[in-house]
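Below is one structure, written out as structure tokens; comments come after it.
No value in this document is a laboratory result; all are computed from the given coordinates. Remember, predicted model here, so these are calculated numbers, not experimental data.
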Amino acid sequence: MRWIALVVGVTLGGWMTFDGVRAIVTGDYVRVDGRLGPWADLVTAIGLDPTGGWVKAGILVLGVGWWFVVVGALIDATWWRAVAVVAAAASLWYLPFGTLLGTVVLLAALFGRIRGS
């Protein structure tokens with residue numbers, strides 16, 4: 001599970017940290033063909049403005065949370081697996097990549113527990 005968490009943490013945490021900082025500093029996220037990702041539709045559906053300050057801060061905080069997973073896994077801290085599960089579950093709304101990568105981490109955690117590691 002450690003390597004999975006490291007790859008996901010660097011990938012997803014790196015992107016969310018970058019995009020969150022960019023959105024806070026410049027006022028907008030990276031857009032593809034002028035659109036935000038599918039996550040923005042989900043955020044809008046629950047009544048939040050995806051370009052609002054709370055959502056921008058949330059994306060940044062979640063990205064930083066993934067960096068805690070990376071550092072914790074690198075130093076083999078006792079808490080890194082629990083933080084990885086929380087970060088993975090908290091990333092499921094971030095369609096499509098957070099959903100995919102969060103699911104991979106959750107399955108790795110579950111598989112590790114079933115195997116006893």
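For residue 94, which sequence-distant residues (separation of 5 or more, or a different chain) have an amide H within less than 5 Å of its own amide H, given hydrogens modelled in the peptide plane?
So residue 94 has HN proximity to 99.
Quick one: pull the percentage of alpha-carbon pairs in segment 27-95 with a separation above 13 Å.
Above the 13 Å cut-off, segment 27-95 has 68 percent of its Cα pairs.
Can you tell me, using C-alpha contacts under 8 Å and at least 6 residues apart, the relative contact order of segment 2-115 as a whole percent?
32 percent
Match the structure shown to one of the listed values (i) 94; (ii) 181; (iii) 110 of volume of the Cα convex hull per residue in Å³, computed from it, and give that label.
Here the calculated entry is (i).
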